[in-house]
Amino acid sequence: MDRGKTLSLDVTLLDLGSGNLHTVRRKLERLGARVVVTAEPEVVAGADKLVVPGVGHFGAAMAHLRSSGLAEALGRAALEREVPTLGLCLGMQILAEHGEEGGGPGLGWLPGRVVRLRPPDPLRYKVPHMGWNRLSVLRSEALLEGIPSEAEFYFAHSYHWAGADPADVAAETEYGYRFPSVIRRGALMGVQFHPERSHEAGLRLLRNFLSL
Amino acid sequence: MIPVLLLGDGGLVKTERFRSPRYVGDPINAVRIFNELRADEVVFLDIFATPQGRTVSAEFVRRVGEEADMPFAVGGGVRSVEAVRELLAAGAEKVVLGTVAVEHPSFVAEVAQAFGSSTVVVCLDVKRDLWGRRWVWSRRASRRSIYPPDEFALTMERMGAGELIVHAVEREGTMKGYDLELLRQVSRSVTIPVVALGGAGRMSDFGEAVGKAGATAVAAGSLFVFHGPHRGVLISYPERTELPF
């Protein structure tokens, strides 16, 4: 991956029909990025930088990615060309091998599976996990640079990663128990929370992504 | 800590127990201020939508969506899957369902299946009858349903609602504290998040709702947005360190 001084501010934002699409676009544009919103496989395959936002059902998203040719196009960009690729919420979850919601395979690009949140005390830890929460940063990670340790991000989910390779987990979040909230292996990155609605901590994370 | 802002006739309004709305200011300006104050999230409810047979405006949602640095929910006359789709696409993280959830509970399931539970908030407007028993009401609390709050909450959870706002209508604007008994009843019945609304007046009210009554989060209307002496809108929001939880 080129870490030289040339900033790549051209971002391709994958349109999966999720509601937060334009919010993500606006935030990236505010940070100086030129954003192309697309659902066309050829455009995705040729991207310089990819953001995959997502809210909704794992199974439905995967079915759509496959039938549209987008899964293959994403693979060409993210795996073959190793273009920096950031998945947000469901966009992070689809990187896994399998998802409980719909009971089918994900893209399988990182080891692990997506399971339902099952806190030990369900009357105390309500599901969906909706609200602000922190990160326990496990290792140094460029995506999190300049973000204070007590920063909080907005979460809204009922499922989470499990069984990840520990080397891929940059940060965990606690909600009854701990689950990966920031994962990364090379060009593949994912965050469980919504940086586009997490005040300046979220903006900083997006800015860090743009600098990669 | 969630400000609930009421919309009426193009501006923010304040009501007491659902009556006599008074104009207090420009909603988009309020969003900017809440950005600066680092509010956790905001709820916008169009209180005239259902009586006027409308739905909260998608164009309004788009403008809020462009400004907001935190998540927000919108509600007011939302009755169809298409309306929900439009509002989510316009930038709202969540849609608040009121009257439709009470009068057509299966609609909640339709929306949850189409867009995911985390996008669906159901607001329970609760009032008591002459014998002091609490019921869920619809149509700006003008029509009583057959459901007690805890039963209805459970039904909503089964339908796939992601979050419930429990609104003690009689306490709205009184600043006398939340209805802790109501909150306790509902929080114990469901495993989905419960947000308290109606009666907040002091910092300690927030701590009580969460610590003693099992609420997941607290919301307030009158407390955050009020009339200044020269008809300007004043907005306040507590610092993180001031919050008792």
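The values are calculated or read from the model by the stated rules, or taken from the named source; none is laboratory data. Everything quoted here is computed from the prediction, not taken from an experiment. We place every Cβ from the backbone using ideal geometry, glycine too, and count neighbours over all the protein chains shown. For accessibility, only protein heavy atoms count, side chains too; no ligands or nucleic acids. Shrake-Rupley method; radii C 1.70, N 1.55, O 1.52, S 1.80 Å.
Expressed as a whole percent, the accessible area of segment A:4-85 that falls on carbon and sulfur atoms is 51 (1.4 Å probe). Other residues whose C-beta falls under 14 angstrom from the C-beta of A:Arg185 contribute a net charge of -3, scoring Lys and Arg +1 and Asp and Glu -1. Summed over qualifying helices (DSSP H, 4 residues or more, each -39500 (n - 2.57)) and divided by its residue number, the protein assembly as shown shows a 222 nm mean residue ellipticity of -7500 deg cm²/dmol.
Pairing chain B with chain A buries about 2300 Å² of accessible area. This figure sums both sides and uses a 1.4 Å probe.
Judged by the ratio a/c of the largest to the smallest principal axis of the C-alpha gyration tensor, chain B counts as rounded, that ratio being less than 1.5.
Quote the FRET efficiency, to the nearest 0.05, computed for A:Leu9 versus B:Ile146 with a Förster distance R0 of 60 Å and r equal to the Cβ-Cβ distance.
Numbers: r = 58 Å, r/R0 = 0.96.
Computed FRET efficiency for A:Leu9 and B:Ile146 comes out at 0.55.
Taking all protein chains together, A:Val35, A:Val51 sort by accessible area into A:Val35, A:Val51, largest first [probe 1.4 Å].
Determine by what factor the alpha-carbon radius of gyration of segment B:87-165 differs from 2.2 N^0.38 Å, reporting the quotient. Against the empirical 2.2 N^0.38 Å value, I get 1.10 for segment B:87-165.
Holding the Cα-Cα limit at 22 Å, pick out from B:Lys94/B:Lys127; A:Lys126/B:Lys94; A:Lys126/B:Lys176; A:Lys126/B:Lys212; A:Lys49/B:Lys94; B:Lys94/B:Lys212 the pairs that are longer than that.
Numbers: B:Lys94/B:Lys127 25 Å; A:Lys126/B:Lys94 17 Å; A:Lys126/B:Lys176 27 Å; A:Lys126/B:Lys212 16 Å; A:Lys49/B:Lys94 28 Å; B:Lys94/B:Lys212 27 Å.
Flagged as over cut-off: B:Lys94/B:Lys127; A:Lys126/B:Lys176; A:Lys49/B:Lys94; B:Lys94/B:Lys212.
Output the relative contact order of chain A, whole-number percent, from Cα pairs under 8 angstrom with separation of 6+ residues. Answer for chain A is 20 percent. To two decimal places, what compactness ratio does chain A give when its Cα radius of gyration is scaled by 2.2 N^0.38 Å? The value comes to 0.94.
Over segment A:147-200, what is the mean sequence separation of C-alpha contacts under 8 Å (at least six apart), divided by residue count, expressed as relative contact order in percent? Write out the running numbers ahead of the final one.
Values: 65 pairs, mean separation 19.8, N = 54.
RCO, segment A:147-200: 37 percent.
Going from the chain on its own to the full set of protein chains, segment A:121-167 has these residues losing 50 Å² or more of accessible surface (heavy atoms, 1.4 Å probe, no ligands, DNA or RNA): A:Leu123, A:Lys126, A:Pro128, A:Met130, A:Trp132, A:Tyr154. Electrostatic tally near A:Glu72: other residues with Cβ closer than 15 Å to its Cβ, Lys and Arg +1, Asp and Glu -1, net 0.
For the options B:Gly53, B:Gly132, B:Gly207, a Gaussian network treatment of chain B with springs between C-alpha atoms closer than 10 Å singles out B:Gly132 as fluctuating the most.
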